[in-house]
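The structure under discussion appears below in the form of structure tokens.
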Amino acid sequence: MASVTTAWYCRQMTPADIRLMTVPDKIRLMEALWRDLSEGDKVVESPDWHAEVLADRVSRLASGKDTFIDWDVAKKLLREECEQTIQAAARQPRFIRDEMTRL
């Protein structure tokens, strides 16, 4: 039944519909989706490519090509990057800004 419901929503809700939602409605929708996904014994199988990506990351860590950083530091860096992207978009002509928001 869940896949029927999901399929129905996928057919019914478009990116344009989502853009029309208010931020509080979007947050409520995300919370409802997360609550549903995290309940019970739902099994989500990882796609084949996921195992390949994980193996590559383990290999890069073992060889010293990659390292970990603190999660708080990572969040700070991501926020700064997002802020820079938003500021750059704000400096663009309206047409380009509208196109960027659709991505």
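Laboratory data are not the source of any read-out in this text; all were calculated from the coordinates shown. Keep in mind that this is a model prediction, so the values were computed, not measured. Note that we place each Cβ from the backbone using ideal geometry, even for glycine, and neighbour counts take in every protein chain shown.
For this structure, a couple of remarks:
- Label-to-label distance, nm, for residues given as D25 and L78 (7 Å Cα→Cβ offset): 2.6 nm
- When T67, T85 are sorted by how many other C-beta atoms sit within 10 angstrom of their C-beta, beginning with the fewest, the order is T67, T85.
- V58-L37 pseudo-label distance in nm [points 7 Å out on the Cα-to-Cβ vector]: 2.4 nm
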